[in-house]
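For reference, the structure is listed below as structure tokens.
Just so it is clear, none of the values below were taken in a lab; they were calculated from the coordinates. None of the values given here were measured: they were computed from a predicted structure. Here the Cβ positions follow ideal geometry from the backbone for every residue, glycine too, while neighbour counts run over all protein chains shown.
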Protein chains: 2
Amino acid sequence: MSTRRRPRTSRGASFAQPAFGQRPRPYAPVDVLSTDQVAAIHSAGLEILSRIGLRVLDDRARALFRSAGAKVSDGTVRLDPAQVGELLKTVPPSFTLHARNPAYDVTVGGNRCVYTSVGGPAYVMDNDRGRRDGNYAEMCDYLRLVQILNVIHQEGGGPFEPMDLPANTRHLDIYRAQIGLLEKTWQGQTLGRARTLDGIAMAAMALGTTPEGLADRPALVGVINTNSPLQLDIPMAEGLIAMAEHGQALAITPFTLAGAMAPVTLAGALAQQHAEALAGIVLTQIVRPGAPVLYGGFTSNVDMRSGSPAFGTPEYAKAAQASGQLARHIGVPFRSSNVTAANEVDAQAAYESQMALWGALMGGAHLLEHGAGWLHGGLTASFEKLILDAELLMMMDAYFTPIDTGPGAMALDAILEAGPGGHFFGTAHTMARYETAFHAPLLSNWDNYPTWLEKGGIDARTRANTVWKALLEQYEEPVLDPAVSEELDDYVARRKAEGGAPMN
Amino acid sequence: MSTRRRPRTSRGASFAQPAFGQRPRPYAPVDVLSTDQVAAIHSAGLEILSRIGLRVLDDRARALFRSAGAKVSDGTVRLDPAQVGELLKTVPPSFTLHARNPAYDVTVGGNRCVYTSVGGPAYVMDNDRGRRDGNYAEMCDYLRLVQILNVIHQEGGGPFEPMDLPANTRHLDIYRAQIGLLEKTWQGQTLGRARTLDGIAMAAMALGTTPEGLADRPALVGVINTNSPLQLDIPMAEGLIAMAEHGQALAITPFTLAGAMAPVTLAGALAQQHAEALAGIVLTQIVRPGAPVLYGGFTSNVDMRSGSPAFGTPEYAKAAQASGQLARHIGVPFRSSNVTAANEVDAQAAYESQMALWGALMGGAHLLEHGAGWLHGGLTASFEKLILDAELLMMMDAYFTPIDTGPGAMALDAILEAGPGGHFFGTAHTMARYETAFHAPLLSNWDNYPTWLEKGGIDARTRANTVWKALLEQYEEPVLDPAVSEELDDYVARRKAEGGAPMN
């Protein structure tokens, strides 16, 4: 059933999107810390782990830590630096995640990044109806757009909660939609063991294998957030263990908001993030040496006047690039995010997201969580923000296309042909290249002002609404082997009959 | 008269803007080209200059080139690579520009950048009245905002044309307003010799010196655009010569729109830009060895469907960073810009400007032209865009604040104090630092969505309107020595009586 089909281009689309594929980043990441500073934060993280330790609420996780030589007392796990170093040795520097159509397989590591769609918000929003609880039908529409936008490499774990479905079995319907509507890889839910194992079972069916066999062809990413500061709760620990047991990828992501759940200084927040990430990463290796895992950096800051979390700030960008350095220091792939606290798809949403993107991608991220669609500090998935972010990601990919300086590109003959005071519109050099020379925008409008006014003076937020509706019309559901489809449906029906997952 | 007064903070402002001052950039610029590629484009530029040459329409400029050993025939100047190399040797790697209040002096070069306000548009725009011809009164309001916004280091040459003033004497009123309303450095107009000399004369008066004496304390920047491809017209040549004669700074900026006035390939457009910039730079050194000069990079692309110029594209960002490498290769300070083709202060305006800013500032720019206020591909100065860009620049400055990893910042005691599951809101570590820990926004709103809605659901474009009006109310005109004021007024009156500058 893993027939390799060519990723679709958007037939009939008014824009020609580049083919699906991860563009290698040709530029060195930005170093915001010196080598000594990286070493100092790394040491501080190790010191936090050995002196203060991580409070681990889950019995099994504590037992696993103890089995690997950690000191465990009063629910707190302390690891000494040598133990951490030893346990990090089995972390794979890169790995492949497998899609049901292998043309959509992605690589995590090296100079490539996986761009994901938003995962996990409570609400959905669009220009027509504002913010509201989501339902299953519109969640499916959101997934259809994720499939059709080539720049999105991976679905991010369910774009928003379908509130018309029961909470204990909702995850089963989400998984079924992720598999049926997408050919791309998708992320699983890791809140508790039951939800996690359901994702693993269904991902295995989609790939024609068993949960055990999935370890050889990892398909899923799960995000594990520590409860900062320095705490790992039971549902997250269960999710981590279940995913690692089955060789599925985990992004260990402390939620270190400087000034609230972490020190008000970036170095302090990063040291704490580092300690928490290290603890989670080594736990995956205790469960299964060689399990794919990422170092998650999510350090941001709060607005110190109100306590509100802020995202896409200059501090966020610096922290992302510093986190990339810390991840490279320990040889673990790096996860970052595309974030904003804006309330509308306005200038603020654009500049905070782009600040976050430069921080993440020029910080060497290998997995960009919430790459497209995130609004309201992660509480809302927006249809228009999905389009804005797709444009931003396509722009970054175009930025990552290296400048060709070969003889043809250097164009000396064309310059001679045009001559002083001439122009290049009609030269042979231009005619041979103009169609693919530059990024072709999805959302940007380059009309001059009178023309723009004449066409109605439509701003970017309103254009984004038109774009997603036009794209949605082009969607065609990818073929799924009927036997697999039936197997999945049976599984969902059985698990629903069993009552689904316990509520946390 | 150069009493050093402390730059004002905005008293009573609802936001606490950081003090005036250029922040050193602590990070290495991004290299988008390999060393070999830089050398290849440099060689191609030299080959263009020696084989094709620059058409120079001005007799005096051609004579100057000839006097330095260039081959001149049929109005075209050809320079061999050795001549170019020799003439570049006197370019100063950095220099200071002097303001009438020395507290506002700026450095061009090293790891500092001068952020300017928009210069030169035909139109003005705000939310209340849309786009329109500008007048002198609102031009003065724009200058007042440029003075009050600490993140703007230099006025950019008149924000827009005051169409209520006669074209032949308008420049005199603009200079008078720049000197009277601002204590910061400002840019002169270089379209023809008369306008240029008027600027030099008045800048000298403001600094209590003579036009000849101004060479020891350069005050002005003038922008020289070549008529790409490969042409220097008479007004620009006159402006260049007059400025260089008086030791004032020039930014030699080819207008190389790839696909129109330059090859459709970035390497070709950069090679042509390099040839044109080199020719202009060496002309400044022929006029006056050691004259301050910058390498201007403005390569962007056109929309190949419509021929419209596009700005803030991925190609623009790459070209800016490549231009920075070319400028460093020849040891000349680098000028770049903050640009967008957007028609409104919407998401597109934000993401194109921010793409341009990352290109420019992480490309090592020493002068950021149009740093704040540019809209409509440079045809319009917008009051709201001025505020948006001020926010973006303040964010970049905060990003350029290095991460402190000293013991206090590493916060191990605070992490111990908060402990697993605790929080940092009330710790001594937080209390001692929270007021200045993070970038305090001018425009961003971090309210949660219900609060934001309750306050009227005001988007960033509308908030920017409120911000500039509130700032304008705080403006206080800086003191100008009455003797200087009278001298300037007399000069303006005399030059108006003489008929001002000839119309080009």
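For chain A, the longest stretch holding no GluC sites (Glu not before Pro) located in a DSSP loop with at most 13 other Cβ atoms within 10 Å is which? Before the final figure, lay out the partial values.
Working: sites that count: A:GLU212, A:GLU476, A:GLU498.
Formally, the longest exposed-site-free interval is A:213-475.
Mind listing the phi-derived Karplus ³J(HN,Hα) values for segment A:134-143, rounded to whole Hz, using 6.51, -1.76 and 1.60 with θ = phi - 60°, and x for any glycine or proline?
Running phi through 6.51 cos²θ - 1.76 cosθ + 1.60 with θ = phi - 60° gives x, 10, 4, 4, 6, 4, 5, 4, 4, 5 Hz.
What shape does segment A:353-461 have by the C-alpha gyration tensor, where a ≥ b ≥ c are the square roots of the eigenvalues, rounded means a/c under 1.5, and otherwise prolate means a/b greater than b/c and oblate the rest?
Oblate, because a/c is 1.5 or more while a/b does not exceed b/c.
Would you mind giving the mean number of other chain beta-carbons within 10 Å of the Cβ of each residue in A:452-462, as a whole number?
4
In terms of the Cα gyration tensor, with a ≥ b ≥ c the square roots of its eigenvalues, is segment A:465-504 rounded because a/c is under 1.5, prolate because a/b exceeds b/c, or oblate?
Verdict is oblate for segment A:465-504.
Rank by packing, highest mean first: peptides B:158-164, B:89-95, with packing defined as the count of other Cβ atoms within 10 Å averaged across residues. List each step's numbers first, then the result.
Details: B:158-164: 22.4, B:89-95: 15.4.
Averaged packing, sorted descending, gives the order B:158-164, B:89-95.
Order these peptides, B:125-137, A:401-413, by their mean beta-carbon neighbour count within 10 angstrom, highest first.
Those peptides, ordered most packed to least, come out A:401-413, B:125-137.
For a quick check: with amide H placed at 1.01 Å from N, whose amide H comes under 5 Å from B:ASN135's, ignoring anything fewer than 5 positions away on the same chain?
Amide H neighbours of B:ASN135: B:MET163.
Taking 45 Å as R0, compute the FRET efficiency from the Cβ-Cβ separation of A:ALA63 and B:THR35 and round it to 0.05.
So, using R0 = 45 Å, E works out to roughly 0.25.
For A:ARG55, which sequence-distant residues (separation of 5 or more, or a different chain) have an amide H within less than 5 Å of its own amide H, given hydrogens modelled in the peptide plane?
Placed amide hydrogens put A:VAL77, A:GLN231, A:LEU232 under 5 Å from A:ARG55.
What ³J(HN,Hα) values, in whole Hz, does the Karplus curve 6.51 cos²θ - 1.76 cosθ + 1.60 give for segment A:79-94 when θ = phi - 60°, with x put for Gly and Pro?
Result, ordered by residue: 10, 8, x, 5, 4, 4, x, 5, 6, 6, 4, 8, 5, x, x, 7 Hz.
Roughly how many whole Å is it from the C-alpha centroid of segment A:24-40 to that of segment B:284-317?
Cα centres, segment A:24-40 to segment B:284-317: 30 Å.
Considering only DSSP beta bridges where both residues belong to the protein assembly as shown, give the percentage that are antiparallel (nearest 5).
40 percent
Output, in nm with one decimal and in ascending order, the distances from the B:ALA122 label point to the matching label points of the other copies (7 Å from Cα along Cα-to-Cβ).
5.2
For segment A:117-177 and segment A:56-109, what is the centre-to-centre distance using only Cα atoms, to the nearest Å?
Between the Cα centres of segment A:117-177 and segment A:56-109 lies a distance of 29 Å.
Placing the label point 7 Å from Cα along the Cα-to-Cβ direction, what are the distances from B:PRO102 to the equivalent spots in the other copies, shortest first, in nm to one decimal?
List, nearest first: 7.3 nm.
Take the alpha-carbon centre of segment B:385-427, take the same for segment A:325-370, and report the distance between them in whole Å.
With segment B:385-427 and segment A:325-370 each reduced to a Cα centre, they are spaced 17 Å.
Based solely on its DSSP helices, what 222 nm [θ] is calculated for the protein assembly as shown when runs of n ≥ 4 H residues each add -39,500 (n - 2.57) and the sum is averaged over all residues, nearest 500 deg cm²/dmol?
Taking each H run of at least 4 residues, the total per residue is -13000 deg cm²/dmol.
Going 7 Å from the Cα of B:SER94 in the Cα-to-Cβ direction, what parts of segment B:375-400 have a backbone nitrogen less than 16 Å from that spot?
In segment B:375-400, the label zone of B:SER94 (backbone N under 16 Å from the point 7 Å along Cα→Cβ) covers no residue.
Please report, for A:GLY421, the nm distances (one decimal) from its label point, 7 Å out from Cα along the beta-carbon direction, to the equivalent points in the remaining copies, shortest first.
Inter-copy label distances (nm, one decimal, shortest first): 8.2.
Provide the gained length on full extension for the span A:ARG305 to A:ALA428, in nm with one decimal, where the gain is 0.36 nm per separating residue minus the Cα-Cα distance.
38.3 nm is the gain from fully extending A:ARG305 to A:ALA428.
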